[in-house]
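The structure under discussion appears below in the form of structure tokens.
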């Protein structure tokens, strides 16, 4: 082999060198999917040149791609995205914000409560952040500014409520977590339910504290701001709740009752959203085309990151990178707690720069097996990381929720339509500062889950069998990291992640 | 260079057509999956062929839309370090990345995927699930998609060179619709406010 002279030099350090190489490749600014794959392939060729493995090793690639194609769980990604995009244009969020805002408005902090409530409701219907942030930024923000809400509080509460879509089922984060950790999506959803609700409550608590101690930051709306009153308002409020509750039943209800798999739940939700838009006469050709186009592009880049991460992962395990990571993480002081704290800090810091897709596809497969060997339940671990990664949407300056809010918040001075007064714009700095209290709440939530693990309800039934099966595979892989074994582990994995009621 | 540019335009046009067409498979997948769920629990009927069709459709979408997504410059990048550099530097990054990352990746995958698909076609491979679909068209998708992606990669490199020579406007390969976990916020916002 031509490159064997390199063996004494780097042979023992291939994994760390490859990892550093990955960081450089990713920071190059070239699309992540291809940088990941190129890094994997470059080190595969290096490894082949040094005689670490044979060219046959790369024959496993098409099978891996095929495994991704045939993955039923990932099918939920386009379904929920499509559903979110259709819902966004169906006017459901607008109706909710308008009515619930009027209902709660006259209490101190009421509009902010309405935003959180509607944010949680939208989060439970779909898994897309942009939709809620944009509707709330367009509808609630101008009203909050008109009546003198603190700008930081107003923008922070909107951005944070939008990110609830990431943790309250049916969220895309949880689907990908379940897929990467080899657990069922349904269990992951069940585990995330209570943390999602606690988080919502903590947002409400924060707003209540602000409203109590600094009333001028979250004033009550004057009653004239209502266009509806009395029983009319009450009936209208109940009516607007029907569509989201119907969708929540269609998606979450059917999943939790075991009638549908999460993938089918997503499909039914998407169909339901189409029906809803049709009933509101908002469905037209260009709307569907835009939704289809955006969904296709999003699916394409997400799945290609997964393809790239799979190429990287295959080679990284080939150079014993998994053992290196395991050694690194298990040698941390403090045992399990030390591991959890280190992993959470790592994710929190990386979330400043990376999307959750990148974190989930690159890092989760590396830390997941280590967590499992330490005896940590992977559902619990997945929900914990999910709450942590939710902050990646709120981190200044790259958080997407902030970015979406910026795009719809007034950037120049404007004249308020109702009062006719000249209003100051929302500065980017205000948006950034506004997010910080909510990032802190998120950190508190992560700490709470670690301190009180029972917050995440974990069902013990099938989980145990899965983990047993996987440990066996791990051993095999260590002994003989050939392409063939990797394939069989891939298949095993698939079988164990099949949903109940799937293929029979 | 002009010949190369017309080649690049041709690839762009083909991949845009394929991508926009394949995107509709998403809607088909939604409907197929909904019907699968309803018939199984409504009438206790289930068919492996229909279950497999869901992922066939989705695999078709994400594989065949990848070149178009590349053309629209919507594959996620990490631009923390390189974000503030000039368009010329970005063009160079894309040239080097295209030549060193994307094109070699496509070639290696094609090298292994062509025999993979060929074996399947030669044996007229069927699904291992009873009553499932034929498998070889799905396996054939892999080399087809990576060939298209390879061509699109070449087209992108050509366009960047043309830009550096001042032959085309840099706007041509700017992000077609934003970056990130969800569609472009501004575009959506405009559509939403437009409706009002």
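Worth pointing out:
- Evaluation of residue B:15 against (1) touching a helix residue (DSSP H, G or I) at 6+ places or on another chain (Cβ under 6 Å); (2) touching a residue at least 12 places away in the same chain (Cβ under 8 Å); (3) facing another protein chain (nearest Cβ under 8 Å) (one fails), failing number: (3)
- Residue match in region A:216-224 (condition: more than 14 Å from chain B (Cβ to nearest Cβ), in contact with a helix residue (DSSP H, G or I) (Cβ under 9 Å, 6 or more places away or on another chain), over 30 Å from residue B:51 (Cβ atoms) and assigned to a helix (DSSP H, G or I)): yes
- Within the option set A:356, A:361, being closer than 29 Å to residue A:112 by Cα and either within 14 Å of chain B (Cβ to nearest Cβ) or crowded, with 18+ Cβ neighbours inside 10 Å (or both) holds for one residue only, A:356.
- In region B:81-100, the residue that is surrounded by the most Cβ atoms within 10 Å (Cβ to Cβ) out of those that are more than 9 Å from every other protein chain (Cβ to nearest Cβ) and in contact with a helix residue (DSSP H, G or I) (Cβ under 9 Å, 6 or more places away or on another chain) is B:91.
- Residues in region A:266-283 that are within 11 Å of chain B (Cβ to nearest Cβ) and either at pLDDT below 90 or on the phi > 0 side of the Ramachandran plot (or both): A:282 alone.
- Residue in region A:232-244 that is part of a helix (DSSP H, G or I) and within 23 Å of the chain's Cα centre (by Cα) present: yes
- Every test in (1) within 15 Å of residue A:264 (Cα to Cα); (2) touching a residue at least 40 places away in the same chain (Cβ under 8 Å); (3) within 7 Å of chain A (Cβ to nearest Cβ) is passed by residue B:54 save one, and that test is (2).
- The criterion of at least 2 residues that are modelled with pLDDT under 90 and buried (at least 24 other Cβ atoms within 10 Å of the Cβ) is met, among helices (runs of 4 or more DSSP H) falling completely within region A:105-197, by A:110-125, A:129-146, A:172-181.
- Residue in region B:72-80 that is under 22 Å from residue A:302 (Cα atoms), more than 7 Å from chain A (Cβ to nearest Cβ) and surrounded by 17 or more Cβ atoms within 10 Å (Cβ to Cβ) present: yes
- In region A:330-337 there is no residue that is modelled with pLDDT of 85 or more and within 14 Å of chain B (Cβ to nearest Cβ).
- Residue in region A:476-497 that is assigned to a helix (DSSP H, G or I) and modelled with pLDDT of 85 or more present: no
Residue by residue, here is whether (1) in contact with a strand residue (DSSP E or B) (Cβ under 7 Å, 6 or more places away or on another chain); (2) over 20 Å from residue A:31 (Cβ atoms); (3) more than 10 Å from chain A (Cβ to nearest Cβ) holds:
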| site | (1), (2), (3) |
| --- | --- |
| B:108 | no, no, no |
| B:126 | yes, yes, yes |
| B:140 | no, yes, yes |
| B:144 | no, yes, yes |
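- Where helices (runs of 4 or more DSSP H) fall entirely within region A:7-84, those with at least 1 residues that are crowded, with 19+ Cβ neighbours inside 10 Å, away from chain B (no Cβ under 13 Å) and on the phi < 0 side of the Ramachandran plot are at A:14-27, A:32-49.
- Any hit, region B:172-192, residues being modelled with pLDDT under 95, farther than 30 Å from residue A:163 by Cβ, crowded, with 21+ Cβ neighbours inside 10 Å and touching a helix residue (DSSP H, G or I) at 6+ places or on another chain (Cβ under 8 Å): yes
- Within region A:234-253, tally of residues that are surrounded by 15 or more Cβ atoms within 10 Å (Cβ to Cβ) and more than 19 Å from residue A:120 (Cα to Cα): 1
The values are calculated or read from the model by the stated rules, or taken from the named source; none is laboratory data. What you see is a predicted model, and the numbers here were worked out from it, not measured in a lab. Note that each Cβ is placed from the backbone with ideal geometry, even for glycine, and that neighbours are counted across all protein chains shown.
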